[in-house]
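Notes follow once the structure below has been shown.
The values are calculated or read from the model by the stated rules, or taken from the named source; none is laboratory data. It should be emphasised that the depicted structure is a prediction, and the values quoted were computed from it without experimental measurement. Glycine also receives a Cβ, built like all others from the backbone with ideal geometry; neighbour counts cover every protein chain displayed. Surface accessibility is based on the protein's heavy atoms, side chains included, excluding ligands, DNA and RNA. Shrake-Rupley method; radii C 1.70, N 1.55, O 1.52, S 1.80 Å.
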Amino acid sequence: RDYKVTGVQTCALPIWLFAFAASKEGHNSLAANAKSLLAIMHDFPSVQIVIEGHCDESGSNEYNLRLGYRRAKAVESVLGHLGVPPNRLKAISRGEESPQCTERSESCREKNRRARFVARQGATVDSL
């Protein structure tokens, strides 16, 4: 397997882009992520997965924080339907505060509309 979990570390999983989400390829990508998350959870029973919802800079900070949370919750819901235990997932929002790309272009903004998975070893969902 191509992941390593020690302390707090990002999983080696693809970032899920929301421009891509509505497509069949997007659903297949999330299904593959669910399989990877299940493998991580099996191999590391104390790992919790945080789903970070991210946005581009369009809209106010408050709006983007709410939107990022809705995105993370949507991914959390789909993962739950795909068999990932919901008690090991936590949805949070990063809003527009952690851009992956800072250029002023649509292709850059698309990269910022994403969900990112972070593994936390030894944490409980309530303590994250």
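Test residue 17 against the criterion of being modelled with pLDDT of 80 or more, open to solvent by 20 Å² or more (accessible area, probe 1.4 Å) and within 20 Å of residue 92 (Cα to Cα), and give yes or no. In short, no.
For residue 68, the conditions (1) in a helix (DSSP H, G or I); (2) open to solvent by 10 Å² or more (accessible area, probe 1.4 Å); (3) not aliphatic (A, V, I, L, M) are fulfilled apart from (2).
Within region 78-102, residues that are over 18 Å from residue 32 (Cα atoms) and open to solvent by 40 Å² or more (accessible area, probe 1.4 Å) have Cβ atoms under 9 Å from residues that are among the hydroxyl-bearing types (Ser, Thr, Tyr) and not in a helix (DSSP H, G or I) in these pairs: 96/58, counting only partners at least 6 apart in sequence or on another chain. Candidates are the residues of region 42-57 that are at pLDDT below 90 and part of a loop (DSSP other than H, G, I, E, B); the one that is surrounded by the fewest Cβ atoms within 10 Å (Cβ to Cβ) is 45.
Go over the candidates 34, 22, 39 one by one and state the one that is at pLDDT below 80 and exposed (fewer than 14 other Cβ atoms within 10 Å of the Cβ).
Exactly one residue qualifies, and that residue is 22.
Inspection of region 63-71 finds a residue satisfying the criterion of being within 10 Å of the chain's Cα centre (by Cα) and under 24 Å from residue 38 (Cβ atoms).
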